[in-house]
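> My structure is below; once you've seen it, I'll send some questions.
The values are calculated or read from the model by the stated rules, or taken from the named source; none is laboratory data. All values derive from a computational prediction rather than experimental measurement. Positions of Cβ are generated from backbone atoms using ideal geometry, with glycine treated the same way; all protein chains shown enter the neighbour counts. Each accessible area value is taken on the protein alone, full model and side chains, heavy atoms only, with ligands, DNA and RNA left out. Shrake-Rupley method; radii C 1.70, N 1.55, O 1.52, S 1.80 Å.
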Amino acid sequence: MIRTLLTACAIALSPVAAHAQQAPQHLSVPPGFGIELWAKVDNPRAMVLGEAGRLYVGSRKGHVSAVPYDSRTMAAGAPVKVASGLNMPVGVAWRKGDLYVSAVDRIVKLPGIDKRLDAPPTPVLVSDRFPSDKAHGWKFIAFGPDDKLYVPVGAPCNICDRDKDSYANIMRMNPDGSELEVFARGVRNTVGFDWHPKSGELWFTDNGRDWMGDDTPPCELNRVAQAGQHFGYPYCHGGTVADPEFGQGKSCGDYTAPALKLGAHVAPLGMRFYGGQQFPDEYRSALFIAEHGSWNRSKPDGYRVMMARLEGNKVVSYTPFIEGFLGRNDAVLGRPADVLELPDGSLLVSDDHANAIYRVRWNGTRTAAGDAALP
């Protein structure tokens, strides 16, 4: 796909967003798109929209931020910290005026938060039935079409076989914390998921294990066709790679294979299906995935936002959408953590390395953009 570097847009700045509309010169997007620095936020990870004009952002540094924005122009205002002193509150989910926040071993909520940014409420406990392990303990959370809150629990290690009802799974519960149950098993560490806009099925990213070499095993994009499926961890990785320690006597064919094998160690985090009207038609229902980037690969990989196109349940292409988070000599300039659509159809991207949230908009003519097919 042809790439293009962007220049700053010559448009008037909103008085509440003097820092916005600056084009990050190191980032590139496809022709017809523009990218701008939308807001500066301390360690932004998962994002969720509240009522009109409210964005909430989790972090690994103990706080949750709110970014007010103009509902007409989408210009961001100054971030406000609405919670602090929490244990890696990465995940945020909004329901009926309340903000739910993950904090490793518990889920809390901030009631009526949209109207209380100046005097945020004290967090209220929803559930404390989760393990306290910090390894893979930070959680992306979201409400599903069934109005249940989905909460992943990562493996407390690189590779281990622990309590199957407590670790390496995706759980779900009612909004009040009741009826907690395991929804999917064999999931090493998912930090992003979304529901297909047509089928309603849950799709999720999963981070592969380390220390089996630069190129194996792959990270994964998975689809849950029915509750209770097992996706292989710790016995099988990527649908075909038996674990050298825990895979003996196991068959990879007994587990659900990924919908797409991603690069090893690319660390896919946040992902969303695109449902807006601003991007050209061929982007409708496309899947955007934030690859946070490798930390122990000899040659870094990931550090980009990718786009998957689907035909039914089959991924037919997987191509870069935003690149440039790695600079010369593999200098890390940013690490994308999550993606989220604004009400006008533009796309937000959080970057917890650069303490930034970027906004991607369509500026071109509405013609089809080419895309490379999967080999």
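> Using the charge dipole of the chain (Lys, Arg: +1 at Cβ; Asp, Glu: -1 at Cβ; taken about the Cα centre), state which of GLY312, PHE231, VAL349 has its Cα farthest towards the positive end.
It is VAL349.
> Taking the Cα centre of the chain as origin, work out the dipole magnitude from +1 charges on Lys and Arg Cβ and -1 charges on Asp and Glu Cβ, in debye rounded to 20.
520 debye
> Could you tally the net charge around SER84, taking each other residue with its Cβ under 12 Å from the Cβ of SER84, Lys/Arg +1 and Asp/Glu -1?
Neighbourhood net charge equals +1.
> About its Cα centre, how strong a charge dipole does region 94-146 have in debye, to the nearest 20, once Lys and Arg get +1 and Asp and Glu get -1 at the Cβ?
Charge dipole, region 94-146, about its Cα centre: 60 debye, nearest 20.
> Still on this structure, I have one more. So how do TRP138, TRP211 rank on accessible area, 1.4 Å probe, biggest first, that is with the largest at the start?
Result of the area sort, largest leading: TRP211, TRP138.
> Shape verdict for the chain, please, from the Cα gyration tensor: rounded (a/c under 1.5), prolate (a/b greater than b/c) or oblate.
oblate
> Mind checking which of GLY253, TRP203, PRO218 is farthest towards the positive end of region 197-280's charge dipole, using Cβ charges of +1 (Lys, Arg) and -1 (Asp, Glu) about the Cα centre?
The listed residue farthest towards the positive side: TRP203.
> Taking the mean number of other Cβ atoms within 10 Å as a proxy for protection, how do you rank 289-300, 348-359 from highest to lowest?
348-359, 289-300
> Would you mind calculating the gained length between LEU180 and VAL332 on full extension (0.36 nm times residue separation, minus the Cα-Cα distance), in nm to one decimal?
50.8 nm
> Distance in nm between label sites at TRP211 and ASN87, each 7 Å beyond Cα in the beta-carbon direction?
For TRP211 paired with ASN87, the spin-label model returns 2.4 nm.
> For Cα pairs less than 8 Å apart in space and 6+ apart in sequence, what is the mean separation divided by the residue count of region 263-356, i.e. the relative contact order in percent?
Rounded, it is 26 percent for region 263-356.
> May I ask you to order 61-69, 262-270, 174-182 by the average number of other C-beta atoms within 10 Å around their residues, highest value first?
Result, highest mean first: 262-270, 61-69, 174-182.
> Below 15 angstrom from the Cβ of GLY312, what's the summed charge of the other residues (Lys, Arg +1; Asp, Glu -1)?
+3
> Within the set LYS40/LYS299; LYS109/LYS299; LYS61/LYS115; LYS96/LYS164; LYS61/LYS198, which residue pairs have Cα atoms separated by over 31 Å?
Beyond 31 Å: LYS109/LYS299; LYS96/LYS164; LYS61/LYS198.
> Quick one: net charge around SER285, please, counting Lys, Arg +1 and Asp, Glu -1 for every other residue with C-beta under 9 Å from its C-beta.
Combined, the nearby Lys, Arg, Asp and Glu give +3.
> Probe of 1.4 angstrom, ligands and nucleic acids ignored: what's the accessible area per residue over the chain, in square angstrom?
That works out to 40 Å² per residue.
> Label-point separation (nm) for VAL80 and LYS134, each offset 7 Å from Cα along Cα-to-Cβ?
Those two pseudo-labels are separated by 3.1 nm.
> If packing is taken as the average number of other Cβ atoms within 10 Å across a peptide's residues, how do 245-257, 313-325 rank, most packed first?
Going from most to least packed, we get 313-325, 245-257.
> From the Cα gyration tensor of region 290-357, with a ≥ b ≥ c the square roots of its eigenvalues, which class applies: rounded if a/c is under 1.5, or else prolate if a/b is larger than b/c, or else oblate?
It is oblate, given that a/c is not under 1.5 and a/b is not larger than b/c.
> Is the shape of region 193-342 best called rounded, prolate or oblate, per the rule: a/c under 1.5 gives rounded, else a/b larger than b/c gives prolate, else oblate, with a ≥ b ≥ c the square roots of the Cα gyration tensor eigenvalues?
Oblate is the answer for region 193-342, as a/c is 1.5 or above yet b/c matches or exceeds a/b.
> Hey, what did the chain get for relative contact order, percent, Cα under 8 Å, at least 6 apart?
14 percent
> How much of the accessible area of the chain, in percent, comes from carbon and sulfur atoms when a 1.4 Å probe is used?
50 percent
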